[in-house]
Amino acid sequence: MEEPSNDAGGTGGLSAPPELPTRLLELWPVVVVGTGLWLAAFLVLLLTGQDGVWLWTTLAGWVLGLIGFGVMAWQRVAARRGARGAQRGL
């Protein structure tokens, strides 16, 4: 059985996939929008006098978004100092 190939010449080698655009790799906009939506939902529920599981769920979503900011900042600092386990591109 032959190896899979995406080479038009039929030489059997796989070409490298193209790099993703930088705007698709940015994590900050996703976290900012997500955290903002959780905060907005929490405030709407709070101002309308709702009580129950959804109020606490939205509060937890907002707090976890804030923790996500801290984790991303921590990873960015680690990547800048050259730590081997740090994620790049955050």
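Every number in this text was worked out from the coordinates using simple rules, so none of it is lab data. Everything numeric here is computed off the predicted structure, so don't read it as measured data. Glycine gets a Cβ as well: all are built from the backbone with ideal geometry, and neighbour counts include every protein chain shown.
First check a/c for segment 28-80, with a ≥ b ≥ c the square roots of the eigenvalues of its C-alpha gyration tensor; if it is under 1.5, answer rounded, and if not, answer prolate when a/b is larger than b/c or oblate otherwise. Show your work: numbers first, answer last.
Values: a/c = 4.85, a/b = 2.82, b/c = 1.72.
Prolate, since a/c reaches 1.5 and a/b exceeds b/c.
Sort 16-23, 58-65 for me by packing, meaning the mean count of neighbouring Cβ atoms within 10 Å per residue, highest on top.
Values: 16-23: 7.2, 58-65: 16.1.
Packing proxy ranking, top to bottom: 58-65, 16-23.
Using 0.36 nm per residue of separation minus the Cα-Cα distance, give me the extension gain between Asp51 and Val77 in nm, one decimal. Write down the numbers at each step before the final one.
On the way: separation 26, 0.36 × 26 = 9.36 nm, distance 3.94 nm.
Value of the extension gain: 5.4 nm.
Taking a spot 7 Å from the Cα of Ala86 along the direction of its beta carbon, which residues of segment 29-72 have an amide N less than 17 Å from it?
Output list for this probe position: 69-72.
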